[in-house]
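Report on one structure; see the data block that follows.
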Amino acid sequence: LLGSPTGAQAACPDCLLGDPAWRQALDRRGLTLRPVVTLDAVAARAGGRHLGSGGLGLVDLLAELDTSEAGLWPGGRFVLHVQGTAGRDPSTFVGDLQVTDNVEADDAIRVYEGFYEHRGRGGRWRARAGWQDYNSEFNVLPLAGVLLNSSFGIHPEILQGQVPTYPLTSPALTVHLEPASALFLKAGIYESVPANAIHPLSRLETAGAGDGHVAALEVGTARPGPGPGSFKLAVGGWHLDREFRDPVGNERGSNRGGYLIAERQFPLGRDGRAWGLFAQAGTSRADRNQLKGYLGAGVVLHGPWKGRPDDTLSVGVARARLSGPFLAASPGRRQVETAWELTYRLALRPGLALQPDLQYVHHPDAEPSARDALVGALRLVASF
């Protein structure tokens, strides 16, 4: 597995199998096919609900058709993303609010995303229509993506808005505009997904009109990475138009919240390596949500050692705060759950990475009787 694949070429530097003849033939026709396998082993070594361990698996199969390269029309792209998930969820023994492993999901095979994207001339705008993940466009910080805790991928208070995100997506229309250099504006309308819903492949059936919608908006400035000098600063908001019952038991007809995200990379030596900082902040309506707000931050080193330019070292902290009305209805609950994480992504070879991870969860689920949890994990990612 660690040896160089026969016929591997630099045209696919991030693929474990390199660029064999079958992949080159598909690429010439505008079709890209990328399988990725993620395997996690997670164990609670202290605290939490109880000691426990388990394994999780995620298989991604991503297919893209470039209409220009396929000889159809310029600017178009069809995307189909199928996922398979299985394993024991760490939340069953850690018992945390923020979910220590971002691969956690019910056992299923489903169409995760399927949409058509069109880009305007000059790349100043693009639009997508079809099944989409809210978190593929909104509330995204690339620097935070190496950490395993789910809060570094999407803020926990946003999930209260029933936005469609991993592992469940929904029909949506999104638009991305770049009116000037380094400036962007994103807007989208999504069909909402119940927070506790489980929909397998049959989720492709269009839901009824009563399911409600989520409107999303984000504006900011960015210089895409990787590397020193890249940055992002954005403010966003979401609005849920749907009837639901809040954690206290009241019937509600809408929900909303906002967030601020930022990151910046700096040089680490003179050989192209970089280090960066990221910060997250979010809030939602306290009168109808369990979580009032969220704060997160972290430090990331790309190439922490001169001899390991492709490795990544990161440390982060995620802090979720419960709302006043929910605390009043739940006497004895603590105000905050805080998760600390230290992770190291070891690049074994192109397309293969091993990642040990350690998390310390202070006040899991904000329960006064819950002991602080120490959670260890090991992730293996193979991109074929």
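Hey, among Glu337, Glu341, which residue is at pLDDT 95 or above, under 20 Å from Asn102 (Cα atoms) and in contact with a Gly (Cβ under 9 Å, 6 or more places away or on another chain)? Spell out how you get there, then give the answer.
Details: Glu337 fails: in contact with a Gly (Cβ under 9 Å, 6 or more places away or on another chain).
Sole residue among the options that is at pLDDT 95 or above, under 20 Å from Asn102 (Cα atoms) and in contact with a Gly (Cβ under 9 Å, 6 or more places away or on another chain): Glu341.
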- line: Filter the stretch 185-205 for residues that are in a loop (DSSP other than H, G, I, E, B) and under 22 Å from Pro247 (Cα atoms); the one that is modelled with the lowest pLDDT is Ile198
task: Can you tell me which residue among Arg270, Arg264, Arg256 is open to solvent by 50 Å² or more (accessible area, probe 1.4 Å), modelled with pLDDT of 95 or more, more than 30 Å from Gly324 (Cβ to Cβ) and not acidic (Asp, Glu)?
output: Arg264
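Would you pick out the residues in the stretch 331-355 that are touching a Lys or Arg at 6+ places or on another chain (Cβ under 9 Å), open to solvent by 60 Å² or more (accessible area, probe 1.4 Å) and assigned to a strand (DSSP E or B)?
First pass over the stretch 331-355, keeping only residues touching a Lys or Arg at 6+ places or on another chain (Cβ under 9 Å): 335-339, 343, 345-347, 353-355.
From what's left, open to solvent by 60 Å² or more (accessible area, probe 1.4 Å): 335, 345.
Once the filter is applied, which keeps residues that are touching a Lys or Arg at 6+ places or on another chain (Cβ under 9 Å), open to solvent by 60 Å² or more (accessible area, probe 1.4 Å) and assigned to a strand (DSSP E or B), the stretch 331-355 yields only Arg345.
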query: Out of (1) modelled with pLDDT of 95 or more; (2) open to solvent by 10 Å² or more (accessible area, probe 1.4 Å); (3) acidic (Asp, Glu), the odd one out for Glu367 is which?
result: (1)
- prompt: Restricting to the stretch 154-184, what's the tally of residues that are more than 24 Å from Pro247 (Cα to Cα), in a loop (DSSP other than H, G, I, E, B) and either touching a residue at least 40 places away in the same chain (Cβ under 8 Å) or not hydroxyl-bearing (Ser, Thr, Tyr) (or both)?
  reply: 4
task: Might you check whether a residue that is open to solvent by 30 Å² or more (accessible area, probe 1.4 Å), at pLDDT 95 or above and part of a strand (DSSP E or B) occurs anywhere in the stretch 133-153?
output: no
- request: Identify all residues within the stretch 301-330 that are over 14 Å from His363 (Cβ atoms), outside any helix (DSSP H, G or I), open to solvent by less than 80 Å² (accessible area, probe 1.4 Å) and of a type outside the set (Asp, Glu); write none if there are none.
  value: Leu301, His302, Gly303, Pro304, Gly307, Pro309, Thr312, Leu313, Ser314, Val315, Gly316, Ser323
statement: The number of residues in the stretch 81-127 that are open to solvent by 30 Å² or more (accessible area, probe 1.4 Å), among the polar types (S, T, N, Q) and part of a strand (DSSP E or B) is 0
message: Cβ-Cβ under 7 Å, sequence separation 6+ or interchain: first residue in the stretch 259-277 and under 30 Å from Gly161 (Cα atoms), partner aliphatic (A, V, I, L, M) and open to solvent by 60 Å² or more (accessible area, probe 1.4 Å). Which pairs?
response: Leu260/Val235; Ala262/Leu233; Glu263/Leu277; Arg264/Leu277
message: For the stretch 285-319, give me each residue that is small (Gly, Ala, Ser) and more than 17 Å from the chain's Cα centre (by Cα).
response: Ala286, Gly293, Gly303, Gly307
message: Looking only at the stretch 221-238, count every residue that is touching a residue at least 40 places away in the same chain (Cβ under 8 Å), open to solvent by 50 Å² or more (accessible area, probe 1.4 Å) and not in a loop (DSSP other than H, G, I, E, B) and tell me the total.
response: 1
query: Among the residues of the stretch 299-326, which ones are in contact with a helix residue (DSSP H, G or I) (Cβ under 6 Å, 6 or more places away or on another chain) and at positive phi?
result: none
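The values are calculated or read from the model by the stated rules, or taken from the named source; none is laboratory data. Values in this document were obtained by computation on a predicted structure and should not be read as measured data. All Cβ positions, glycine included, derive from the backbone under ideal geometry; neighbour counts span all protein chains shown. Just so you know, the surface numbers come from the protein's heavy atoms only, side chains and all, with ligands and any DNA or RNA stripped out. Shrake-Rupley method; radii C 1.70, N 1.55, O 1.52, S 1.80 Å.
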